[in-house]
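Input: a single structure, listed below in structure tokens.
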Amino acid sequence: MSEKTARLLTTLKLQPVVPVLIIEDATHAVPLARALVAGGLKAIEITLRTPAALAAIEAVAKEVEGAVPGAGTILTPAQYEQAVKAGSQFIVSPGTTTALIEAEKDYDASFLPGAATATEAMTLLDAGYDVMKFFPAEQAGGASYLKSLSSPLAGITFCPTGGISLKNARDYLSLPNVVCVGGSWVAPAHLVTAGDWAGITALASEAAALKG
């Protein structure tokens, strides 16, 4: 196991649920991250789906003690570089390209590449990756599909993301090839907009208590 993979697993094992955040207003990033950390969710994925994302990552990296900021929805090497420079400790992609694999070699940040099929997972395994994001989890076949991969692809560990909620998270967490899940339900937009950080801490605590 490479040093980067070991660091990635250490990050993913911090909690059963990694918050997947879409931050529209960078001023929300610090109180939101603090609320999540207070609830036991230290590893935080901020997706590059909004203009505020990079500023949000930078703010969390600099100001939130205990947080492990990561960047999601990384599609290009340029975004990879921007996210690392902003302070991301781990990088997440919905799928994987040769360009992203090459870019990963230039940075210390660990990489969680995306796969949705056995062929994609095998291709990543051949490239040296054995920890992957399974996305979009529910739409790609759900927990039953991922369970069916656990025996033939026993050397691969997944973090499923996409369509996962409090109701079905345990279905994934109970699988032998799942280290954690990614979910957005711990930081719903209406609570973020309202600045209800206590409400988000409560949701984070509930998610942190999930067991397989």
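Structural remarks
- The set of residues in the stretch 110-138 being of a type in the set (A, V, I, L, M) and either in contact with a Gly (Cβ under 6 Å, 6 or more places away or on another chain) or in contact (Cβ under 8 Å) with a residue 60 or more places away in the chain (or both) consists of Leu112, Val131, Ala137.
- Candidate set: the stretch 128-176, residues that are farther than 18 Å from Ala116 by Cβ and among the hydrophobic types (A, V, I, L, M, F, W, C); chosen: the one surrounded by the fewest Cβ atoms within 10 Å (Cβ to Cβ): Ala154
- Residue identified as under 23 Å from Tyr129 (Cβ atoms) and assigned to a helix (DSSP H, G or I) among Leu75, Leu32, Leu36, Leu9: Leu9
- In this structure, Leu124 does not qualify as aliphatic (A, V, I, L, M), modelled with pLDDT of 95 or more, within 22 Å of Cys180 (Cβ to Cβ) and not in a helix (DSSP H, G or I).
- The stretch 39-64, subset part of a helix (DSSP H, G or I) and β-branched (Val, Ile, Thr), residue nearest to Gly199 (Cα to Cα): Val60
- For first residues located in the stretch 177-203 and without any contact (Cβ under 8 Å) to a residue 24 or more places away in the chain, partners that are among the polar types (S, T, N, Q) and lie 6+ apart or on another chain with Cβ distances below 8 Å form the pairs Trp185/Ser165.
The values are calculated or read from the model by the stated rules, or taken from the named source; none is laboratory data. Bear in mind the structure is a predicted one, so any value in this text is a computation, not a measurement. Glycine gets a Cβ as well: all are built from the backbone with ideal geometry, and neighbour counts include every protein chain shown.
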